[in-house]
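Below is one structure, written out as structure tokens; the observations come after it.
The values are calculated or read from the model by the stated rules, or taken from the named source; none is laboratory data. Because the structure is a prediction, the values reported are computed rather than measured. In this analysis, Cβ positions are derived from the backbone assuming ideal geometry, glycine residues included, and neighbour counts consider all displayed protein chains. For accessibility, only protein heavy atoms count, side chains too; no ligands or nucleic acids. Shrake-Rupley method; radii C 1.70, N 1.55, O 1.52, S 1.80 Å.
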Amino acid sequence: MSEFVQPPQSTVTNCTAQDYEAAYARSLSDPDVFWLEHAQRLDWITPPTKGGEWSYDPVEIAWFADGTLNLCHNAVDRHLADKADKTALIFEPNDPDGEVRTLTYAQLHAEVVRMANALKAMGVTRGARVTLYMPMVVEGVVAMLACARIGAVHSVVFGGFSPEALAGRIIDCDSEFVITADEGRRGNKPIPLKVSVDAAVDEHDTRVKGVLVVKHTGADVAMKDGRDHWYADLASDGDCPCEPMNAEDPLFILYTSGSTGKPKGLLHTTGGYGVWTATTFHYVFDHQPDDIFWCSADIGWITGHSYVTYGPLLNGASQVIFEGVPNYPDHGRFWQVVEKHKVSIFYTAPTAIRALMREGDDFVTAHDRSSLRLLGTVGEPINPEAWRWYHRVVGEGRCPVVDTWWQTETGGVMLTTLPGAHAMKPGSAGLPFFGVQPQLVDAEGQMLEGAAEGNLCITSSWPGQARTIYGDHDRFVQTYFSTYKGKYFTSDGCQRDAQGYYRITGRVDDVINVSGHRMGTAEVESALVLHPKVSEAAVVAFPHDIKGQGIYCYVTLNAGLEGSDDLAAELRQQVRKEIGPVATPDRIHFTDDLPKTRSGKIMRRILRKIAENDHGSLGDTSTLADPSLVDRLIEGRVDG
Ligand code: WT7
């Protein structure tokens, strides 16, 4: 048991080890009763009598299907009775000397109503898709809640995606409305959001007819008559009731990368997602009424949806919203914010932890962290060394660390230890949350028992599960339920130890996890081959000290052309233009050919091994059309 780290003896906890055992057992033996009970964490207009109604073959998933509710009411209005003056949001701007903005639940309510009225004035109706392209400011959260209030479906696109990527996501869900800001700020860089929205809408065939612009930095931006509106001009205070929604009505679409070129718009619905985020937030973060919670994720990712907007507010929590980045103005910024706002629960990504660890302990210890009582990580595997630093230095050895495994598709946390209940194992996410039935299978789909390593599947539905891919249910079925019939396949590799702890080893599909952000290799390849000089491209991951994984691109050029540093820079720019800075290639390797089988299939295994500098174990290369290519590729490997 020496690998295990015991949690501190805590006096308050939402869940002891005994509680967990009993609740987990009941969640499997009697899921409907169990989840109907937890559904009572929310206010329902019509309380549900039905729990899960689902099948993985054919794939149809519903939870609480005869219930009606509104999630904005649950996140905001219902707290007015007893928490009107409680702090909901503490906005910490990018610039440490900038103005902090604190909103109570009553003030949040007023702001959400103003935004909902603005949306209605722009013509947004129930069921309409509304694309958000926002900085991390109060209005981002407010806009999501305002959509939920009037029954519109939000689709948040991360502000680091390019205009091309934004346009693709607007077109895919046929969104007619965009909410943005003049500009965002991240570190010392302004982010020209409105300029990018104009490029997306003007240069692509979208049907956008209304753009709502929040004034944030005051930058001078062009406003198109009849289409663009300042938020302040359309906002109004009049009453705006919450639209009654069926539990299975769509709440949002969120795009994520898969192994094929086009991002998938995962669809989450109202009731199940609300119950899942409310319940997981309560237990995983052991939330108590006086906590100050801070999740550093952007609302453009699922973490920001579930643990900035919905989970905390459904629980009536007080939380920090941070506009900036961990290394501006210096590497102590996170801990300075912790000290300033007396943060008690802090949730961030391994990439940030590794980057800050490298800068030394002084940036951490310069700030008082005595308010912290719980730390969390999410997004990618955390190496035990970074885990230990987070636990020992940041958390002074006092704070439990929850390593939470989940996905855009799962809606909320699936594997974790619970802070008051379980010993922690650095590098392992831990145990299944209530209702989660993980299963490891081998390549043939045979179930593996006991301590084992295999592909991670989930065998029964949970309320927070995505219901479909917007507009393409077949793709949903193909992607998640066809590899192993009757099971949800996560595309992650995983080990289970003798104590039943799960350790995620990483993606087993063609998805790269760059700083906790999912990037499809096919997406990057499609962007590269758009360059007129490029003939073919193959993209693989390689281990990266800070980002977890980096992007390694093998590129062949059209006949007679030679690679150069200038061309590599052009290709990087090409990818940034098509997808965004998040996808910037780390390494570009020009080669005269790609390793292919005689039937023309690219042997990615070989490309991965070479990128990883693991030439010793290339395996069988005899089926290659040109076996001599391997030595040339090793020779030409790009390092740093
Ligand atoms: C992929 C999902 C979950 C919100 C952020 C990412 C990887 C996520 C962990 C973790 C090891 C993790 C998996 C997963 N991942 N959390 N704690 N340990 N790996 O959501 O963009 O949908 O990515 O992130 O590979 O499949 P996402």
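Could you tell me how many of the residues in region 522-572 are more than 24 Å from the chain's Cα centre (by Cα) and open to solvent by less than 20 Å² (accessible area, probe 1.4 Å)?
Qualifying residue count, region 522-572: 12.
Is it the case that region 95-107 has a residue that's in contact with a Pro (Cβ under 8 Å, 6 or more places away or on another chain) and either modelled with pLDDT under 95 or closer than 18 Å to L267 by Cα (or both)?
no
Considering each residue of region 341-380, count those that are open to solvent by 60 Å² or more (accessible area, probe 1.4 Å) and closer than 19 Å to V308 by Cα, and give that number.
The number of residues fulfilling the criteria is 2.
What pairs come up if the first residue lies in region 392-417 and is open to solvent by 10 Å² or more (accessible area, probe 1.4 Å) and hydroxyl-bearing (S, T, Y), the second is within 9 Å of the ligand (Cβ to nearest atom) and in a loop (DSSP other than H, G, I, E, B), and their beta carbons are under 9 Å apart, counting only those six or more places apart or on different chains?
Taking only residues 6 or more apart or on different chains, the pairs are T408/W301.
Is it fair to say M122 is under 24 Å from T206 (Cα atoms) and surrounded by fewer than 24 Cβ atoms within 10 Å (Cβ to Cβ)? Outline the logic, then answer.
Values: under 24 Å from T206 (Cα atoms): yes; surrounded by fewer than 24 Cβ atoms within 10 Å (Cβ to Cβ): yes.
Yes; evaluated as a whole, the condition is true for this residue.
For a quick check of your reading: which helices (runs of 4 or more DSSP H) sit entirely within region 1-119 and have at least 2 residues that are of a type outside the set (G, A, S) and under 28 Å from Q499 (Cα atoms)? Give the steps one after another, and end with the answer.
Numbers: elements: 17-29, 31-38, 71-75, 80-83.
Correct list: 17-29, 31-38.
Could you tell me whether region 588-603 includes any residue that is at pLDDT 95 or above, in contact with a Cys (Cβ under 9 Å, 6 or more places away or on another chain) and open to solvent by less than 50 Å² (accessible area, probe 1.4 Å)?
Yes, region 588-603 contains at least one residue that is at pLDDT 95 or above, in contact with a Cys (Cβ under 9 Å, 6 or more places away or on another chain) and open to solvent by less than 50 Å² (accessible area, probe 1.4 Å).
If a residue has to be more than 19 Å from S599 (Cβ to Cβ) and surrounded by fewer than 11 Cβ atoms within 10 Å (Cβ to Cβ) to count, how many in region 611-627 make the cut? Before you say what the answer is, go through the steps one by one.
Of the residues in region 611-627, the ones more than 19 Å from S599 (Cβ to Cβ) are 611-618.
Retained after the next criterion (residues that are surrounded by fewer than 11 Cβ atoms within 10 Å (Cβ to Cβ)): 616-617.
Qualifying residue count for the region: 2.
Against the conditions (1) free of Cβ contacts under 8 Å to residues at least 24 places away in the same chain; (2) within 14 Å of the ligand (Cβ to nearest atom), where does M447 fall short? Just the number, please.
(2)
Within region 271-290, is even one residue open to solvent by 10 Å² or more (accessible area, probe 1.4 Å) and without any contact (Cβ under 8 Å) to a residue 24 or more places away in the chain?
No - not one qualifying residue is present in region 271-290.
Considering only region 32-51, state which residues are farther than 27 Å from R149 by Cβ and buried (at least 16 other Cβ atoms within 10 Å of the Cβ). Give the steps one after another, and end with the answer.
From region 32-51, those farther than 27 Å from R149 by Cβ are 32-34; that's our starting set.
The one that is farther than 27 Å from R149 by Cβ and buried (at least 16 other Cβ atoms within 10 Å of the Cβ): F34.
Go through region 432-460 residue by residue and tally those that are in a loop (DSSP other than H, G, I, E, B), touching a strand residue (DSSP E or B) at 6+ places or on another chain (Cβ under 7 Å) and open to solvent by 60 Å² or more (accessible area, probe 1.4 Å). Before you say what the answer is, go through the steps one by one.
We begin by selecting, within region 432-460, every residue in a loop (DSSP other than H, G, I, E, B); these are 433-437, 442-446, 449-451, 459-460.
Retained after the next criterion (residues that are touching a strand residue (DSSP E or B) at 6+ places or on another chain (Cβ under 7 Å)): 433, 436-437, 442, 451, 459.
Among the residues that remain, those that are also open to solvent by 60 Å² or more (accessible area, probe 1.4 Å) are: 437, 451.
Going through region 432-460 one residue at a time, the tally reaches 2.
Would you check which residues across region 129-164 are open to solvent by less than 10 Å² (accessible area, probe 1.4 Å), within 21 Å of G520 (Cα to Cα) and not in a strand (DSSP E or B) and list them?
Of everything in region 129-164, those that are open to solvent by less than 10 Å² (accessible area, probe 1.4 Å), within 21 Å of G520 (Cα to Cα) and not in a strand (DSSP E or B) turn out to be V157, S162.
Consider E92 carefully, then state whether it is of a type outside the set (G, A, S) and without any contact (Cβ under 8 Å) to a residue 60 or more places away in the chain.
Details: of a type outside the set (G, A, S): yes; without any contact (Cβ under 8 Å) to a residue 60 or more places away in the chain: no.
When the stated conditions are applied, E92 does not pass them.
Could you please give the count of residues in region 1-26 that are free of Cβ contacts under 8 Å to residues at least 12 places away in the same chain and surrounded by 15 or more Cβ atoms within 10 Å (Cβ to Cβ)?
Of the residues in region 1-26, 1 are free of Cβ contacts under 8 Å to residues at least 12 places away in the same chain and surrounded by 15 or more Cβ atoms within 10 Å (Cβ to Cβ).
I need a count of the residues in region 293-340 that are away from the ligand (no atom under 16 Å from the Cβ) and assigned to a helix (DSSP H, G or I).
Total meeting the criteria: 10.
Before we move on, is Y484 touching a strand residue (DSSP E or B) at 6+ places or on another chain (Cβ under 9 Å), free of Cβ contacts under 8 Å to residues at least 60 places away in the same chain and of a type in the set (F, W, Y)? Give the steps one after another, and end with the answer.
Working: touching a strand residue (DSSP E or B) at 6+ places or on another chain (Cβ under 9 Å): yes; free of Cβ contacts under 8 Å to residues at least 60 places away in the same chain: yes; of a type in the set (F, W, Y): yes.
Against the criterion (touching a strand residue (DSSP E or B) at 6+ places or on another chain (Cβ under 9 Å), free of Cβ contacts under 8 Å to residues at least 60 places away in the same chain and of a type in the set (F, W, Y)), Y484 qualifies.
Working carefully through the options S29, S55, find the one that is more than 24 Å from Y307 (Cβ to Cβ), open to solvent by 60 Å² or more (accessible area, probe 1.4 Å), modelled with pLDDT of 95 or more and of a type in the set (S, T, N, Q). Even if it seems obvious, please write down each step before you answer.
Working: S55 fails: open to solvent by 60 Å² or more (accessible area, probe 1.4 Å).
Sole residue among the options that is more than 24 Å from Y307 (Cβ to Cβ), open to solvent by 60 Å² or more (accessible area, probe 1.4 Å), modelled with pLDDT of 95 or more and of a type in the set (S, T, N, Q): S29.
For region 186-221, what are the residues that are surrounded by fewer than 17 Cβ atoms within 10 Å (Cβ to Cβ) and among the charged types (D, E, K, R)?
K189, D202, E203, D205, R207, K209, K215, D220
Go through (1) of a type in the set (S, T, N, Q); (2) open to solvent by 50 Å² or more (accessible area, probe 1.4 Å); (3) within 16 Å of the ligand (Cβ to nearest atom) and name the single condition Q478 misses.
(3)
I'd like the residue in region 390-408 that is more than 16 Å from the ligand (Cβ to nearest atom) and assigned to a helix (DSSP H, G or I) and, out of all such residues, is nearest to A466 (Cα to Cα). Explain how you work it out, then say what you get.
Going through region 390-408, the residues more than 16 Å from the ligand (Cβ to nearest atom) turn out to be 392-399.
Right, trim to assigned to a helix (DSSP H, G or I) and you get 392-394.
Numbers: R392: 36, V393: 37, V394: 34 Å.
Here the residue is V394.
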